[in-house]
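Below is one structure, written out as structure tokens, with a few remarks after it.
The values are calculated or read from the model by the stated rules, or taken from the named source; none is laboratory data. The structure displayed is predicted, hence computed values, not measured ones. All Cβ positions, even for glycine, are placed from backbone atoms using ideal geometry, and neighbour counts span all protein chains on display. The area values use the complete protein model at the heavy-atom level, side chains included, leaving out ligands, DNA and RNA. Shrake-Rupley method; radii C 1.70, N 1.55, O 1.52, S 1.80 Å.
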Amino acid sequence: MRKIIKDSTIKFIEHPAALFFSWILFLLIPVVNFLRLFIISHDKLVDENLRVLLSKLSQVAVGFLSIYSLSLFFVCLYYFSNRVILKQQRKAFLFIVSSGVIFFVINSLLISLEGRKFPNYLYSTIGSTADFLSNLNLLTLFNLALVLIILFQRGSLFHMNSKANKSSLSKKFAVIIHSSKILIVLILIFSFISSINTILNFRSQYKNAQISYEQRFGDEYEFVKILKATVPERSSVIHPPQNSTWPFIGNQPIIRYFLFPRRLISGVLLNNRKITQEISAAYFAEIYSESTDKHWPLVDTSNKAIIFDQKTSIEYSELEKVAEVNGVVIYKISFL
């Protein structure tokens with residue numbers, strides 16, 4: 001039985017589809033994040049409890065795909081490292097290199113796009129953060145480096161006692177390969193722990209999902225609820241800076257869950273005219289209008305100026321009151 005399993009495993013690994021399959025799984029990781037964003041942002045499609053379950057399962061899926069695809073990929077690389085690479089297998093390697101380069105370029109363009117837009121722009125549109133894509137790019141470069149080394153060496157890279165590895169090129173790569181083994185193990189352990197942690201905490205997270213939003217987020221949830229009901233989906237919404245004064249409505253990743261697909265802009269960014277010119281027009285809710293220390297934003301209607309970041313006065317061209325619900329006023333502001 002042991003021999004049968006071993007022979008079946010080797011036969012599977014030898015087939016070019018094994019490399020192709022493992023690599024495709026790795027490339028699909030951002031797609032899972034996008035599906036998770038779609039699930040949590042379309043509350044009318046599925047029941048709330050089912051939505052929480054699917055969201056958590058997708059988190060686990062990201063970790064699982066990372067572990068499974070990278071494990072299979074590196075097992076295949078290890079197998080080919082001391083064997084002659086056949087024509088079909090070489091095509092699989094070349095596909096990995098070309099698709100990996102395209103994957104890296106697309107991720108890099110998306111990361112730069114967030115820098116030109118606003119914080120968490122990527123999360124609101126594709127479900128992945130810039131840091132997450134940066135980590136994927138590092139893994140991609142690491143994988144491509146190993147593939148290229150194996151292609152150039154034609155095998156015999158991991159077994160340092162073989163004659164082929166006595167070449168000067170093999171010796172130069174020896175330290176890199178042995179270090180890579182350690183890095184691979186650490187990556188897999190980290191991914192495994194992240195996935196297990198999500199599973200172990202699932203019960204408490206599921207119980208937390210049964211609590212109403214008002215109980216969970218306090219009276220600040222009322223502002224978000226009214227913004228969602230009154231502001232068009234394809235509009236921009238300005239929210240207070242994130243700090244202890246506005247812990248919920250200032251927390252962009254959290255309120256994005258409710259306000260997606262509206263574009264969210266933190267008030268802390270609105271500190272010069274150049275930025276407001278890019279926005280043109282946006283909506284905001286007047287927060288705690290009766291409070292002296294929590295009132296946001298501060299408006300000077302006589303001079304047509306407004307303060308979003310708690311210190312910088314910005315001029316505007318028009319301020320229109322578009323709705324008032326339960327004492328909460330929603331404004332539309334147009335900038336010069």
* How many nm separate the modelled label positions at T301 and E278, each set 7 Å beyond the Cα in the direction of the Cβ? -> 3.1
* Structure fact -> Once the dipole of the range 214-335 is set up from charges on Cβ (+1 Lys and Arg, -1 Asp and Glu), the residue from the list S289, G327, F248 lying farthest towards its positive end is F248
* Structure fact -> Checked the range 214-335 with the C-alpha gyration tensor, a ≥ b ≥ c its square-rooted eigenvalues, rounded below a/c of 1.5, otherwise prolate if a/b is larger than b/c and oblate if not; verdict rounded
* Show the residues, 5+ positions off or on another chain, whose built amide H is closer than 5 Å to the amide H of V325. => I330
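How much area per residue is accessible in the range 214-335 when the probe is 1.4 Å and only protein heavy atoms are counted (Å²)? Before the final figure, lay out the partial values.
Details: 6070 Å² over 122 residues.
I get 50 Å² per residue for the range 214-335.
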* Rounded to the nearest 0.05, what FRET efficiency do N326 and L269 have when you use their Cβ-Cβ distance and R0 = 35 Å? -> 0.80
* Compute the distance in nm between two label points, each set 7 Å from the Cα along the Cα-to-Cβ direction, one at K87 and one at L35. => 3.7
* Asked: If you plug each phi of the range 270-275 into the Karplus form 6.51 cos²θ - 1.76 cosθ + 1.60 with θ = phi - 60°, what whole-Hz ³J(HN,Hα) values come out, in order, with x for Gly and Pro?
  -> 8, 10, 7, 5, 4, 5
* **Accessible area, probe 1.4 Å, largest first, for residues E214, E290** => E290, E214
* Structure fact -> Between L319 and F95, the two model label points (7 Å from Cα along the beta-carbon direction) sit apart by a distance in nm of 6.0
* Calculate, in nm to one decimal, what E214 and I102 gain on full extension: separation in residues at 0.36 nm each, minus their alpha carbon distance. => 35.8 nm
